[in-house]
Structure formats: structure tokens, C-alpha cells
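Enquirer: Got a structure for you, written out below as C-alpha cells; questions coming shortly.
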Amino acid sequence: MDTSAKREQWLALIAGAADADALAAVDRQLFGQKGEVLELVRSVTSLPKEERPAFGKAANLLKREVEQALATARERFEAEALKRELTAGDFDPTEPGRPWQGGTLHPITIVQNELVDLFQSMGFRQEDGPEIESEYYNFDALNIPGDHPARESQDTFWLDDGNLLRTHTSPVQVRTMQRLTKDGFEPPLRVIVPGRCFRCETVDKTHEHSFYQMEGLVVDRDVSVANLIHTMKTCLRVILERDVEVRLRPGFFPFVEPGFELDVNCPFCGGKGCSVCKQSGWIEILPCGMVHPHVLRQGGIDPEEFTGFAFGMGLQRVVMLRYGIDDIRQFMGGDIRFLQQFSEVPR
Ligand code: PHE
């Protein structure tokens, strides 16, 4: 059978389609249910056996050729449609694209991530604790009983059910020790706890009601103040990106004994005295001390056998020193221009 007449006819149909809709109709006519091309291919079964192979081959070649012609015509209509769309109205396809506005990490997050990496490299594990805390973990377990004046300096937001918004990350010290010793764990123990804390403060340049701390706790045999100083110096050197001098002054916190305020030599004047360090050459940077026996006992650890140190770094303070930020309210002020200066893409 000669298929060349059909071939001419079908290719003419495709070539004659004026638009995409007309082409779709041709497609249906040729390849739809009872489509002409398919019918031709199927008609092979009605032929005598000896004619079938030659006819089948010719029919299939033709089918492929028509399919190809349809696809080419379809692509041409699609390209034309896209071109019309792009040049319609006031759309200018030659205008450069808008730059992608990716988010950036908050400066506190940047420094926190660095600190976590650093402490993990020194064998610390990261722990977490609840922001809504019980009175026991926030105060009593830390040797701050109900009538202790230290409660006043950590005035907080109490909830109706007797719980409170934690005033520091120190409650996670006892929580972690309890959880581990319950299962028979024995020191050495090294943990850091980054987290948000709250105090009932009047907000000003240096005070916020919500702020971030990074707690550290190390418990082992024969831990001493020397270990504390070394750890703090290492950490501050990395975070402030320079060599630092530190000094310890006595500081009182009921959950450490002895307790210290650790100062670092002023990064702004190098220790000569300036307005940031109030002419003293030193900046108070983090409270710390040797863990009080009461706290170790609450955590299920024998203070006769083990000693430890703890620190509570104010993250905002470190970030302010590192970037030279002079107003703590910037951190939660929501000013995107402030936040974008610390551009580091989220990881
Ligand atoms: N939790 C104390 C505070 O927020 C800081 C601190 C932590 C002091 C650990 C000593 C040891 O004020």
C-alpha cells in the first residue's frame, strides 16, 4: 500500500495549522481516539501475512515522521507565545534582574555559633533548658533561698502557676547534672548552654528585659581557678579576635565560691583608658567562679570528690565589644539596616 498520499495530507494539515489550538485539533485528528495515524498503523492486522512486515515498517516510519512534525510545530507556537508574553505591556526583558534579598544571621547568632564551635572543639557538649523555669531550678538549687537578697538583683516575670521566666542559664547546670547522674554518670563533665533569659529591667542603653547568655560548666577531679582562667582566655581571644589580658576581681554569686568578675583589657583603648572602659582600662565581661558544693550536691555529685568551675557570659555584651555596638536596644529593635551589617548567610 502506498502511504505517500497520506503523508502529504498529514504534513499539510500540520503545516496549515494557524495557531496552537488548531494544531491541537490536528493532533487529536491524527493521534486521538480513532486518530488517522494510529488507525493506519493498526490496519496492518487486516493485511495478508506476507505484506505485513513491509507495511508495518513503512507505517511506523511515517508515524514517527508525523509525530516529529507535530512536535516541531508545537515548539514553534510555544516560543512565539513566550515572546509575545515577554514583549507585552511595559515588561522589559533587557532590564537586569533584582538582586536576591537573602536573610542574614543576627549578630548574636553569629557569635553564639562561633562560641559553640569553639567550646565543642574543647570537648564541651551543648545543653538546653526551658525558658519557663521553676523557682527551684532558677533559685533554690543554686543556693538562693526565698529570703536571700540575691533574688532582688534578679527580679523576673512570675507566671500565675508559680513558675517564672528564667533569669539566667545557670538552672541548666543542676538540670544537666541531675539528668546525667541519675543514670550513674560520673564527671568529667563539660557543658555549655546558650539561651535566652529574662529580667524585669527598665530598658536603656545597657539593659534589656530579654537577653542571651552562654553558661559554661566544668566538673572534674582537681579543677582549679587556673583551668577557669585558661578556658576564658582562650575563648575571649577567639571571639574578640586578638590576644587579651584578663583579671579577676571578687564577685558574689551564691552558686559559686569563690566567685569572680572577669575583666578583659579594653579593646577600644588597649588599656590606656577611654569612655567605654570609663578610664579604667578594663571591661567587666563575665561573671564566673568555682561551683558551690551546694550546687554539686543538688546535681548528685559529691563535692568532696569533684570540683568545678562555671561561667555565665552575657552574649550581647560580647557582641557589643566585638563589633563596637554602643546600644543594647539595637539587637531587638528590628531595624533591618542594623541587622544587615553583619551579613553572614544562614547555615
Ligand atoms: N548566672 C549568673 C548571672 O546571670 C552568672 C554566673 C554564671 C556567675 C556562672 C557565676 C557562674 O548573673
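Enquirer: Is at least one residue of the range 152-165 within 22 Å of Ile301 (Cα to Cα), in contact (Cβ under 8 Å) with a residue 40 or more places away in the chain and either assigned to a strand (DSSP E or B) or within 12 Å of the ligand (Cβ to nearest atom) (or both)? Working first, answer last.
Expert: Start the filter on the range 152-165 by keeping residues that are within 22 Å of Ile301 (Cα to Cα), which leaves none.
So far as the range 152-165 goes, no, none of its residues is within 22 Å of Ile301 (Cα to Cα), in contact (Cβ under 8 Å) with a residue 40 or more places away in the chain and either assigned to a strand (DSSP E or B) or within 12 Å of the ligand (Cβ to nearest atom) (or both).
Enquirer: OK, next. If we keep just the residues of the range 197-213 that are in a strand (DSSP E or B) and over 11 Å from Gln316 (Cβ atoms), which is nearest to the ligand (Cβ to nearest atom)? If you could, list the steps in order and put the result at the bottom.
Expert: Taking the range 197-213 and keeping what is in a strand (DSSP E or B), we get 197-198, 204, 207, 210-213.
Within this subset, residues satisfying the condition of being over 11 Å from Gln316 (Cβ atoms) are 198, 204.
Details: Phe198: 11, Asp204: 18 Å.
Going through the qualifying residues, I end up with Phe198.
Enquirer: Which of the residues belonging to the range 270-288 are under 30 Å from Val223 (Cα atoms) and either aliphatic (A, V, I, L, M) or within 16 Å of the ligand (Cβ to nearest atom) (or both)?
Expert: Correct list: Ile283, Glu284, Ile285, Leu286, Pro287, Cys288.
Enquirer: Which residue out of Ser121, Ser46 is loosely packed, with under 11 Cβ neighbours inside 10 Å and under 30 Å from Asn227 (Cα atoms)?
Expert: Numbers: Ser46 fails: under 30 Å from Asn227 (Cα atoms).
Just a single option satisfies the conditions, and that option is Ser121.
Enquirer: Being away from the ligand (no atom under 15 Å from the Cβ), at pLDDT 90 or above and surrounded by 18 or more Cβ atoms within 10 Å (Cβ to Cβ) narrows it down to one residue among Pro254, Pro187; which is it? Write out each step before concluding.
Expert: Working: Pro254 fails: away from the ligand (no atom under 15 Å from the Cβ).
Testing whether each residue is away from the ligand (no atom under 15 Å from the Cβ), at pLDDT 90 or above and surrounded by 18 or more Cβ atoms within 10 Å (Cβ to Cβ) leaves just Pro187.
Enquirer: Additional query: Answer yes if at least one residue in the range 273-287 is closer than 26 Å to Leu189 by Cα, in a helix (DSSP H, G or I) and at pLDDT 95 or above, and no otherwise. Full working, then the answer.
Expert: Applying the first criterion (closer than 26 Å to Leu189 by Cα) to the range 273-287 yields 285-287.
This time we only want the ones that are in a helix (DSSP H, G or I), so: none.
For the range 273-287, residues closer than 26 Å to Leu189 by Cα, in a helix (DSSP H, G or I) and at pLDDT 95 or above: absent.
Enquirer: Just one of the numbered conditions (1) modelled with pLDDT of 95 or more; (2) in contact with a helix residue (DSSP H, G or I) (Cβ under 6 Å, 6 or more places away or on another chain); (3) within 16 Å of the ligand (Cβ to nearest atom) is not true of Gln316; which one?
Expert: (1)
Enquirer: OK, next. Check whether at least one residue in the range 92-105 is crowded, with 17+ Cβ neighbours inside 10 Å and not small (Gly, Ala, Ser), and report yes or no. Outline the logic, then answer.
Expert: Within the range 92-105, the first condition is being crowded, with 17+ Cβ neighbours inside 10 Å, and the residues that meet it are 104-105.
Filter again for not small (Gly, Ala, Ser), leaving 104-105.
Looking for residues that are crowded, with 17+ Cβ neighbours inside 10 Å and not small (Gly, Ala, Ser), one finds at least one in the range 92-105, hence yes.
This table checks each residue for (1) under 23 Å from the mean Cα position of the chain (by Cα); (2) among the hydrophobic types (A, V, I, L, M, F, W, C); (3) not assigned by TED's automatic domain parsing to the domain that holds Val291.
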| position | (1), (2), (3) |
| --- | --- |
| Glu114 | yes, no, no |
| Arg125 | yes, no, no |
| Trp158 | no, yes, no |
| Asn163 | no, no, no |
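Enquirer: Is one or more of the residues making up the range 291-308 touching a residue at least 40 places away in the same chain (Cβ under 8 Å), open to solvent by 70 Å² or more (accessible area, probe 1.4 Å) and away from the ligand (no atom under 13 Å from the Cβ)? Even if it seems obvious, please write down each step before you answer.
Expert: We begin by selecting, within the range 291-308, every residue touching a residue at least 40 places away in the same chain (Cβ under 8 Å); these are 291-292, 294-296, 298-301, 305-308.
Those still in the list that are open to solvent by 70 Å² or more (accessible area, probe 1.4 Å) too: 305.
Right, trim to away from the ligand (no atom under 13 Å from the Cβ) and you get 305.
Scanning the range 291-308 turns up at least one residue that is touching a residue at least 40 places away in the same chain (Cβ under 8 Å), open to solvent by 70 Å² or more (accessible area, probe 1.4 Å) and away from the ligand (no atom under 13 Å from the Cβ).
Enquirer: Can you name the condition, by its number, that Val219 falls short on among (1) within 15 Å of the ligand (Cβ to nearest atom); (2) open to solvent by 20 Å² or more (accessible area, probe 1.4 Å)?
Expert: Answer for Val219: the failing condition is (2).
Enquirer: Does Val111 satisfy being in contact with a Pro (Cβ under 9 Å, 6 or more places away or on another chain), under 23 Å from Gln341 (Cβ atoms) and β-branched (Val, Ile, Thr)?
Expert: On the way: in contact with a Pro (Cβ under 9 Å, 6 or more places away or on another chain): no; under 23 Å from Gln341 (Cβ atoms): yes; β-branched (Val, Ile, Thr): yes.
Considered against the rule, which asks whether it is in contact with a Pro (Cβ under 9 Å, 6 or more places away or on another chain), under 23 Å from Gln341 (Cβ atoms) and β-branched (Val, Ile, Thr), Val111 comes out as no.
The values are calculated or read from the model by the stated rules, or taken from the named source; none is laboratory data. In this text the structure is predicted, and so the values were computed from the model without any measurement. Virtual Cβ from ideal backbone geometry, glycine too; neighbours counted across all protein chains shown. The protein model used for the area step is the full one, side chains on, heavy atoms only, and it has no ligands, DNA or RNA in it. Shrake-Rupley method; radii C 1.70, N 1.55, O 1.52, S 1.80 Å.
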